[in-house]
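K.L.:
Have a look at this one before I ask anything.
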Amino acid sequence: MAQTHPETAATAELMRRFNEVFLRHDPRPLRDLIADDCVIEKISLDADGDRCIGRDACVALWTAIATTPGTHFDLEETYAMGDRAVIRWRFWSDDKTSVRGVNLMRVRDGQIVEAMGYTKGN
């Protein structure tokens, strides 16, 4: 049986903990998972996206998403390789419609430093 590279294993564990925030609607762990200099390029109608810069902005955004009443995520797949991860998900809104998406993540020293979110177009 092949062994997982330690960096990949650490990234996978960080992504597991991150995903739990959204599956459990519990944002309390976020502050420990996100680096001071984290940047999120979030889903937006603007062609260049919309960015959150810094731990406080990133925690606020992900807290709002994780705690929106009547919504939930289905985690479809998480893949880690070195300091990178890909998370495929389906988000269900309070009106029971859904959208599929993917986050491209980068970590450093056990914390998320970059997240780029994309959704499937209609």
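We did not get these values from a lab; they are worked out from the coordinates using the rules stated. Everything numeric in this text was worked out from a predicted model, so none of it was measured. Neighbour counts run over all protein chains shown; Cβ positions are idealised from the backbone, glycine included.
K.L.:
Which one of Thr68, Thr11, Gly110 has its Cα pushed farthest toward the positive end of the charge dipole of the chain, where Lys and Arg give +1 and Asp and Glu give -1 at the Cβ?
P.N.:
Looking along the dipole axis, the top candidate is Thr68.
K.L.:
How many percent of all Cα-Cα pairs in the chain sit more than 26 Å apart? Write down the numbers at each step before the final one.
P.N.:
Values: 1179 of 7381 pairs.
For the chain, the share of Cα pairs beyond 26 Å comes to 16 percent.
K.L.:
Next up: What is the dipole size for the chain, taken about its Cα centre, with +1 at each Lys and Arg Cβ and -1 at each Asp and Glu Cβ, in debye to the nearest 20? Display every interim value, and only then the final one.
P.N.:
On the way: 16 positive and 20 negative charges, 58 e Å.
In total the dipole reaches around 280 debye.
K.L.:
Between 0 and 90 degrees, rounded to the nearest ten: what's the tilt of helix 6-24 against the longest Cα principal axis of the chain?
P.N.:
30 degrees
K.L.:
Positive end of the charge dipole of the chain (Lys, Arg +1 and Asp, Glu -1 on Cβ, about the Cα centre): tell me which of Ile43, Phe22, Met81 has its Cα farthest that way.
P.N.:
Phe22
K.L.:
Defining a contact as two alpha carbons under 8 Å apart and six or more residues distant in sequence, what relative contact order in percent does the chain show?
P.N.:
27 percent
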